[in-house]
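The values are calculated or read from the model by the stated rules, or taken from the named source; none is laboratory data. Quick caveat, the model's predicted, so the values are computed rather than measured. As a convention, Cβ positions derive from the backbone with ideal geometry for all residues, glycine included, and neighbour counts pool all protein chains shown.
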Amino acid sequence: MAALQKEEIETKLQARLQSLSHTAKSTMLQNDSTKTWLKDQLSLINVPKTMLDVCIEILEHMSDLKVVWLHLQECTGCSESLLRTEAPSFEVLLFDIFKIVYHDLVMVSSGHGATAALEHASSHEKYVLLVEGSVPMGFAKDYITLGNRNGYDEVSHLLHNAEAVFAVGTCSSFGGIQSAYPNPTNGHALSEIFEREVINIPGCPPSDKNIVATLLYYYLFGESPSLDSLKRPLWAYGKSVHDLCERKSFFMSGDFVESFDDPNMKEGYCLYKVGCKGPYTYNSCPKVKFNAKTSWPVQGGHGCIGCSEPNFWDNFGNIEKPLSNKSFFTLNEKFVPKILPLSYKKLQAPIQNTQEYMQFANTLKSTKNLFINLGVDESSVLLYGDGECKPLISCAISLNPKLVLQSYESKNKQGKKLYANYQNKMKDRYIELMKLCDKERISSNINDVFSLFAMILDDKTLIDEEISMINMWLESSLNPLGGNFQTTHILQLAKSFKFPHVSELGFKFKKDNDYYMLDYAKALSIAMSYRIGGLDMHGLAYSMVCDLANAFVEIIDTTCDTIVLQGEMFNLSFIQQIFTRRLKDKTIVVLTY
Ligand code: FSX
Ligand code: SF4
Ligand code: F3S
């Protein structure tokens, strides 16, 4: 769901105030501290500051909406995070603004008094339900009981009259630690059990800002903010921790701390090598922080452990090691998107040229379609429409890894540093590559980008015979070591990566007059950083193929209705799924022989 535009936001807020104007105001929020707080919150949820007064008025009218906060299987970390909110204080927030009527950690009553308060709220109040913790479904659902009901029955009961439902924390959003292997209580996320639409605010715990501003959005607009595919508000979970991280420039130059007592820790070097999962985690922690904005995990000196992602306990491997097949433990399939169907077409032989593709295109129902052929000997991308077929991509990949590497030396400061780190950390490979000749060879086969990357990043030692073979290949016009050799190798490695996480590299097709050109320079430098940082070749290969597939998706014309895929890379089911998931309104056809 896309985020709202400024004008839409203004119109919606004005309409909301209008609809509330007949109700009495119960709170007066026109004071400086509330205004300052609200300004900050509004900037988080992308509401223009000019709407401040309208927002205050809306909140003043929202006297009848209450908050019921339920605890199921959890550690109370989410509540603790909220308690550390600084301005306005927790009491102001929950008595004057949101009006909490049930929260068994902070309320005065206990026992029968608390149960009665909950019963009263559920039958006499208009309320939003916030649930912290997962729902145990094992052992007659009795692993958790509240008063005389088990957790499952209590949530079912409260869901009936709730205006909106928020899953606070990773436990209620995705199952969290209780549903990690071996999940003894058979714990589940709210959305796995109940049909009701749930807004997820994951994190173990989430920042108080993510909880409060999401709730605020609902109070102001009377509807859910824009959400991602995991039902997380985009304003908070739309960017990766890595992209917002203050240590990112060190990642880009390949400067990693080697251990927690590394003196470079003081310099703020990147924590990828000691296990940071920031590149695979979507959350706003570097921006909103925790404990009254004091700090966040990476600022405190430990890598992100991916706590706002589904199955992070199981699926991120060792907390203090980079992703690598060696640190794989178990895979939890919860929240893995469903496999979407696509069609296969069996042909006698591969399509080899424009003429053959035009004949094939005539058998398709679509009037405009795209053919992506990543063949071992040749690649081509053809756009077919109005009886015409034209190439869409042109490619110029430098095949001499020595020359490509050396070009970093003359790049900017970051490039130079990366080159020096490569020289130092991947010494053997560097020495081997420097034995290559200075002959430049350019390829127009997209598959050869795999050859180039593999030659620079692989950890297999090149023996002298291989070096002289590569030299011969660079000198000649033959293609014995091109796409064929390294593509198969990369695809095999990619297939055997055990984790479902792509390390984004940033391949891009850039428009250049009538053609798109493949820009791989940035992707290569990021791949070098990941490699120096300890991502294994399986992970790197997996990322290369996924990232390249994503780059193709980006240039697919909206008027194109069928995409035809040919070549070894498209036999991989996770690559096919990138196309089917990201191009839901198109027909994807994979050619087989
Ligand atoms: Fe704890 Fe909340 Fe983790 Fe879970 O946060 S901090 S175990 S997400 O439900 O209390
Ligand atoms: Fe920051 Fe972690 Fe990314 Fe390094 S890997 S830049 S520490 S988020
Ligand atoms: Fe969690 Fe990572 Fe943020 S561990 S708190 S998502 S930095």
Out of A396, A349, A361, which single residue is on the phi < 0 side of the Ramachandran plot, surrounded by fewer than 17 Cβ atoms within 10 Å (Cβ to Cβ) and in contact with a Phe, Trp or Tyr (Cβ under 7 Å, 6 or more places away or on another chain)?
A349
Looking only at residues in region 433-452 that are in contact with a helix residue (DSSP H, G or I) (Cβ under 7 Å, 6 or more places away or on another chain), assigned to a helix (DSSP H, G or I) and not polar (S, T, N, Q), which one is surrounded by the most Cβ atoms within 10 Å (Cβ to Cβ)?
F450
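Taking the options I578, I556, I588, name whichever one is closer than 24 Å to P350 by Cα, in contact with a Cys (Cβ under 7 Å, 6 or more places away or on another chain) and in contact (Cβ under 8 Å) with a residue 24 or more places away in the chain.
So the residue among I578, I556, I588 that is closer than 24 Å to P350 by Cα, in contact with a Cys (Cβ under 7 Å, 6 or more places away or on another chain) and in contact (Cβ under 8 Å) with a residue 24 or more places away in the chain is I578.
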Which numbered condition in (1) in a loop (DSSP other than H, G, I, E, B); (2) within 13 Å of ligand 2 (Cβ to nearest atom); (3) at negative phi is the only one that G254 fails?
(3)
Got a sec? Which of K49, K99 is within 31 Å of the chain's Cα centre (by Cα), of a type in the set (K, R) and away from ligand 3 (no atom under 16 Å from the Cβ)?
K49
What are the pairs, 6+ residues apart or on separate chains, where a residue within region 46-68 that is in contact (Cβ under 8 Å) with a residue 40 or more places away in the chain has its Cβ under 6 Å from a residue that is of a type in the set (S, T, N, Q)?
H61/T23; S63/S26
Any residue in region 132-146 that's more than 15 Å from E74 (Cα to Cα): show its pairings with residues that are among the aromatic types (F, W, Y) and surrounded by fewer than 24 Cβ atoms within 10 Å (Cβ to Cβ) at Cβ separation under 6 Å, as long as the two are six or more apart or on different chains.
K141/Y152
Y218 vs. criteria in contact (Cβ under 8 Å) with a residue 60 or more places away in the chain and more than 16 Å from ligand 1 (Cβ to nearest atom):
yes
Exactly one condition in (1) more than 30 Å from S63 (Cβ to Cβ); (2) away from ligand 2 (no atom under 14 Å from the Cβ) is not met by V288; state its number.
(1)
How many residues does region 493-503 contain that are crowded, with 17+ Cβ neighbours inside 10 Å and outside any loop (DSSP other than H, G, I, E, B)?
2
Counting only residues that are under 17 Å from E163 (Cα atoms) and either in a loop (DSSP other than H, G, I, E, B) or in contact (Cβ under 8 Å) with a residue 12 or more places away in the chain (or both), how many does region 98-119 have?
6
Criterion: among the β-branched types (V, I, T) and either surrounded by 14 or more Cβ atoms within 10 Å (Cβ to Cβ) or in contact with a helix residue (DSSP H, G or I) (Cβ under 8 Å, 6 or more places away or on another chain) (or both) - qualifying residue of T36, T85
T85
Do the conditions hold for E132, that is, is it within 16 Å of ligand 3 (Cβ to nearest atom) and crowded, with 21+ Cβ neighbours inside 10 Å?
yes
Which one is surrounded by the most Cβ atoms within 10 Å (Cβ to Cβ) among residues in region 375-390 that are part of a strand (DSSP E or B) and not small (G, A, S)?
Y384
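For region 297-313, name all the residues that are crowded, with 18+ Cβ neighbours inside 10 Å and either touching a residue at least 40 places away in the same chain (Cβ under 8 Å) or more than 19 Å from the chain's Cα centre (by Cα) (or both).
Across region 297-313, the qualifying residues are V298, C304, C307, S308, E309, P310, N311, F312, W313.
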If we scan region 181-201, do we find a residue that is out of contact with any strand residue (DSSP E or B) (no Cβ under 6 Å at 6 or more places or on another chain), modelled with pLDDT of 95 or more and within 16 Å of ligand 3 (Cβ to nearest atom)?
no
Kindly indicate the residue of region 208-231 that is assigned to a loop (DSSP other than H, G, I, E, B) and under 20 Å from G306 (Cβ atoms) and also farthest from ligand 2 (Cβ to nearest atom) among those meeting that condition.
K231
Taking region 232-249 on its own, how many of its residues are assigned to a helix (DSSP H, G or I), within 12 Å of ligand 3 (Cβ to nearest atom), surrounded by fewer than 23 Cβ atoms within 10 Å (Cβ to Cβ) and among the small types (G, A, S)?
0
For E409, work out the one condition from (1) modelled with pLDDT of 95 or more; (2) under 34 Å from the mean Cα position of the chain (by Cα); (3) not in a strand (DSSP E or B) it doesn't fulfil.
(1)
Residue in region 79-94 that is more than 16 Å from ligand 3 (Cβ to nearest atom), polar (S, T, N, Q) and within 33 Å of the chain's Cα centre (by Cα) present:
yes
Please find, within region 112-129, the residue that is nearest to G175 (Cα to Cα) out of those that are surrounded by 21 or more Cβ atoms within 10 Å (Cβ to Cβ) and under 35 Å from the mean Cα position of the chain (by Cα).
L129
If V288 meets every condition in (1) of a type in the set (A, V, I, L, M, F, W, C); (2) within 16 Å of ligand 3 (Cβ to nearest atom); (3) surrounded by 23 or more Cβ atoms within 10 Å (Cβ to Cβ); (4) over 17 Å from the mean Cα position of the chain (by Cα) apart from one, which number is that one?
(3)
